[in-house]
Amino acid sequence: LSYCECHPLALTLLGIGLFPASPICPSIAFSLGHLLFISKLFIHISPNITAWCSTICSNLVERG
């Protein structure tokens with residue numbers, strides 16, 4: 001990933017939809033879409049398939 005030294009790498013990653021693992025010199029970044037999906041999964045989770053289906057449906061509705 002190329003970036004300008006005048007802007008922090010963490011801000012550049014956020015600008016392209018990635019969440020940096022650290023604010024200074026991040027070595028890994030995570031997709032914001034996947035993080036949103038996982039947070040929804042934890043909201044709907046229960047020990048059965050219904051939680052998984054509810055999360056998938058909710059995520060797809062939000063994404064259109």
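Values for this structure:
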{"read-out": "Nearest 10 degrees, 0 to 90: helix 32-44 Cα axis against the chain principal axis", "value": "30"}
{"read-out": "Order by protection proxy (mean Cβ within 10 Å, highest first), peptides 8-21, 29-42", "value": "8-21, 29-42"}
{"read-out": "Extent along principal axes [Cα atoms of the chain; Å; largest to smallest]", "value": "47, 25, 15"}
{"read-out": "Residue-averaged 222 nm ellipticity for the chain, from DSSP H runs of 4+ at -39500 (n - 2.57), nearest 500", "value": "-17000 deg cm²/dmol"}
{"read-out": "Angle in degrees between helix 49-63 and the longest Cα principal axis of the chain, rounded to the nearest 10", "value": "50"}
{"read-out": "Probe 1.4 Å, accessible area per residue of the chain, Å²", "value": "76"}
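The values are calculated or read from the model by the stated rules, or taken from the named source; none is laboratory data. All figures in this text were calculated on a predicted structure; none of them were measured in a lab. Counting neighbours? That spans all protein chains shown, and the Cβs are built from the backbone with ideal geometry, glycine included. Side chains are part of the model used for accessible areas, which takes the heavy atoms of the whole protein and leaves out ligands, DNA and RNA. Shrake-Rupley method; radii C 1.70, N 1.55, O 1.52, S 1.80 Å.
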